[in-house]
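Working notes for the structure below.
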Amino acid sequence: MKVILREDVQGVGNIGDILEVAPGYARNFLFPRNKAVEATGRSLKAIEHAKRVVGEKARKEKAVLEEVAKKVGAIAVTIPVQVGKDDKLFGAVTAKDIAEAIAAQGVEVDKRKIELGHPIKELGTVSVPVKLHSQVTATVSVTVVRAEASGDAPASGKEG
């Protein structure tokens, strides 16, 4: 019996595949669980139409994300942090900090899309990839600088 899979079935096939399976397997497992439909002329046309619609939607989404990637790639953020002796950071710069710095420049990026292998723990400039889509990645230049001392406390620590 020919069937069209509506979802991935482990060991059988992937969504949209047209397969020849035993009639009992189709009637007793695939059809009741809504994992497949019988491959008739009508269902084949419906699947082809659905594939075209999904493909077109994916192309449009990718084009929009490529525009966002251009905007994100043009951004260079500077994050001021407090440092201690020998320019060692108090804490670290995380993906959340980078996402907030990018948002301050007018582009919203989910912190989970920022592929920061490990938190930044030193001063300097780092290129950080931002994966917006499986095929669209932008790179943001992140510069970690020493925060200016505030006027409330002396820069050298406690005095006498």
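Any chance you could count how many residues in segment 24-51 are under 22 Å from residue 11 (Cα atoms) and of a type in the set (Asp, Glu)?
Residues that pass the stated criteria total 1.
Of the residues that make up segment 65-84, is at least one touching a residue at least 40 places away in the same chain (Cβ under 8 Å), more than 23 Å from residue 129 (Cβ to Cβ) and either in the same structural domain as residue 140 (by TED's automatic domain parsing) or under 28 Å from the mean Cα position of the chain (by Cα) (or both)?
Yes; the residues of segment 65-84 include at least one that is touching a residue at least 40 places away in the same chain (Cβ under 8 Å), more than 23 Å from residue 129 (Cβ to Cβ) and either in the same structural domain as residue 140 (by TED's automatic domain parsing) or under 28 Å from the mean Cα position of the chain (by Cα) (or both).
Which count do you get for residues in segment 92-128 that are assigned to a loop (DSSP other than H, G, I, E, B) and of a type in the set (S, T, N, Q)?
2
Given the structure, is residue 102 within 23 Å of residue 134 (Cα to Cα) and in the same structural domain as residue 124 (by TED's automatic domain parsing)?
yes
The values are calculated or read from the model by the stated rules, or taken from the named source; none is laboratory data. This one's a predicted model, so the numbers in the text were calculated from it and none came from an experiment. Please note: Cβ atoms are built from the backbone with ideal geometry, for glycine as well, and neighbour counts cover all protein chains shown.
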